[in-house]
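Contents: one structure, followed by commentary.
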Amino acid sequence: SLGYQDVLSHQTSPITSYKNIQGWSSDQNKWNEKLYPFWEEGDPKWKDCWKGGRVTAKLDSDSPALVGSNVTFFVSLKFPKCQKEDNDGNIVYERNCTQGPPVFQDQQVYVYNWTEWIDNCGWENCTSNHSHVFPDGRPFPHHPGWRRRNFVYVFHTFGQYHQTTGRSSVRFSVNTANITLGKHTMTVSIYRRGHSAYVPIARANAIYVVTDKIPIFVSMFQKHDRNISDSIFIKDSPITFDVKIHDPSSYLNNSAISYKWNFGDGSGLFVTSSSTTSHTFTLQGNFTLNLTAQAIIPVPCKPVTSTAPLPTSAVMTTASSNSDSSTTVESMEDNPDGGCHIYRNGYYSTGISVVEGILEVNIIQMMSIQMTESQAENSLVDFVVNCQGSLPTDVCTVVSDPTCQVSKSVVCDPVVVTDECLLTIRRAFEEPGTYCINITLRDDTSQALASTLIAVNAGSSSGTTEGVFIFLGLLAVFATIGAFVLYKRYKQYKPIERSAGQAENQEGLTAYFSNFKAIFFPSSTERNPLLKSKPGIV
């Protein structure tokens, strides 16, 4: 007669020594081959195990799992085309599917109508026929929805098995406290309900990992970095580091976790209890970032014992423990100030490069341009911008609505700056109104943005308009001088509060600065967006 090991170990090597997994059974138990037939791979019986084609199974897990936590497995069945599971757990043909049999609007065609079978053979009657038992003879759990559970799943790992009933997808968790460290294989065999026996329909396996190191990952973000995935960052700009701990079973929820950082730039060690921190590199070069995360996990205390060292890095401690490192000491005392704990560490290391980049962009002046008769239908504005850090290689301007949410046009042009980062960008506006302007300077690794709101009137070459422009131009000069003085003193503009409605009631050109950003949209509807009519203007 067959045993579970004979049926379930066909894809893995038998294990003779193991610790018991809670709720699991030894694979030395007998397997009822009459009720649950076993077929080798390649057996022609597989071709007829399901109507309409083969069923496939996908087995996944949320590993890696920290030893002591739970690892969860997910199994999903994929039926042949045009077949699906209905609300009652039966397998039916989908309506309006060309490959399946014709389905009329008032008629449902079944692949397997298990509800009808069960109605003809209730729970009590079929139990005597062994229809509601697992391969080892144990009865199915009598769930309220047992009629919809028409599949039997038998999982196998570490010389032990776990069996359950379910629908076309199931999930279950297993505690890893008694599973040795390393990579392991979980296999699953799936059977469907039959008239007199259960029929094998699919098998699947998956690798899962149990570790004594906390699984961690670090994401990095920098404000002016163009590509956060290339590990190249900008000097003199803070980088935000966000630590993610992979703990899907919430095993570490009650643990005290600390993070020890070494940024590799000679700044020393930095220890924090926050998973998010920031650091500014003031030097260019290549650096190796190292992080050690430590969790102090509370565990129930046990009577004092003396044992050999554990095979993992776990250490049991108490507030009054004076033992040496070769013994494990546990205490019955379990209080918030000095209970029993396990220490677990996680490690992360990566290399990064730090280079010069564009750190800041400022719009220091805006000027309206007197137009010729041929340009009278447009309003031209020059934006004078400067930047700090490296020199840009291209400039992009985005024109949006006053809320900076709806883009009207986007234009990007290359620029050549050889000495000082000072550019004049000329923009043409076809229609009067209030606009949000975003100007971005970029190089290969960095970018920086400046934004402003501007109110533009219709273009005109009349003497009245010219006079108004001259008058407002003088005001703009004084405003620019004042703003420049404030900039030199505070290194930052402060926005002038004014509504868009007020700006549109003004004649000529008025503008004010605000500190916000807009999203680029790949569309352009402007005419002559960047004019190059004189040197120094793009």
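Observations, loosely collected:
- Net length available on complete extension from Y343 to N205 is 46.4 nm, with 0.36 nm assigned per residue and the Cα-Cα distance removed.
- Per-residue 3J(HN,Hα) values for region 170-178, derived from phi via the Karplus relation 6.51 cos²θ - 1.76 cosθ + 1.60 with θ = phi - 60°, read 9, 9, 8, 10, 9, 7, 9, 4, 9 Hz in sequence order (x marks Gly and Pro).
- Using a probe of 1.4 angstrom and keeping all protein chains present, the accessible surface of region 359-456 works out to 37 square angstrom per residue.
- Each Lys and Arg adds +1 at its Cβ and each Asp and Glu adds -1 at its Cβ; summed about the Cα centre, region 359-456 shows a dipole of about 180 debye.
- For region 359-456, the orientation-averaged shadow of the C-alpha convex hull comes to 6.6 nm² (one quarter of the hull surface).
- For the pair S196 and V271, label points projected 7 Å from Cα toward Cβ lie 7.2 nm apart.
- For region 350-358, the Karplus equation 6.51 cos²θ - 1.76 cosθ + 1.60, evaluated at θ = phi - 60°, returns couplings of 7, x, 9, 10, 10, 10, 5, x, 7 Hz by residue, with Gly and Pro reported as x.
- Residues with amide H under 5 Å from that of Q83, placed H, sequence gap 5 or more: E94
- Across the options G433, N378, A448, the greatest Cα extent toward the positive end of the charge dipole of region 359-456 (unit charges at beta carbon of Lys, Arg, Asp, Glu) belongs to G433.
- In this structure, the amide hydrogen of D212, modeled 1.01 Å from its nitrogen in the peptide plane, lies closer than 5 angstrom to those of V67, counting only residues at least 5 positions away or on a different chain.
- For H142 and E94, the difference between the fully extended length at 0.36 nm per residue and the C-alpha to C-alpha distance is 14.3 nm.
- Backbone HN-Hα couplings from phi across region 397-402 [Karplus 6.51/-1.76/1.60, Hz, Gly and Pro as x]: 10, 10, 9, 10, 5, x
- At the residue level, I369 shows approximately 40 square angstrom of accessible surface with a 1.4 angstrom probe and all protein chains present.
- In a fully extended conformation the segment linking N113 and D230 would gain 36.6 nm over its present Cα-Cα distance, using 0.36 nm per residue.
- Exceeding the 20 Å Cα-Cα cut-off - candidates K223/K260; K58/K244; K183/K244; K58/K81; K19/K58: K223/K260; K58/K244; K183/K244; K19/K58
- Projected label distance in nm at I296 and K45, using a 7 Å step from Cα toward the beta-carbon: 5.9 nm
- T282/K183 FRET efficiency (R0 41 Å; Cβ-Cβ; nearest 0.05): 0.45
- Cα Rg over Rh - region 133-183, Kirkwood: 1.03
The values are calculated or read from the model by the stated rules, or taken from the named source; none is laboratory data. Just so you know, these numbers come straight off a predicted model, no measurement behind them. Please note: Cβ atoms are built from the backbone with ideal geometry, for glycine as well, and neighbour counts cover all protein chains shown. Ligands, DNA and RNA are excluded from the accessible area calculation, which covers all protein heavy atoms including side chains. Shrake-Rupley method; radii C 1.70, N 1.55, O 1.52, S 1.80 Å.
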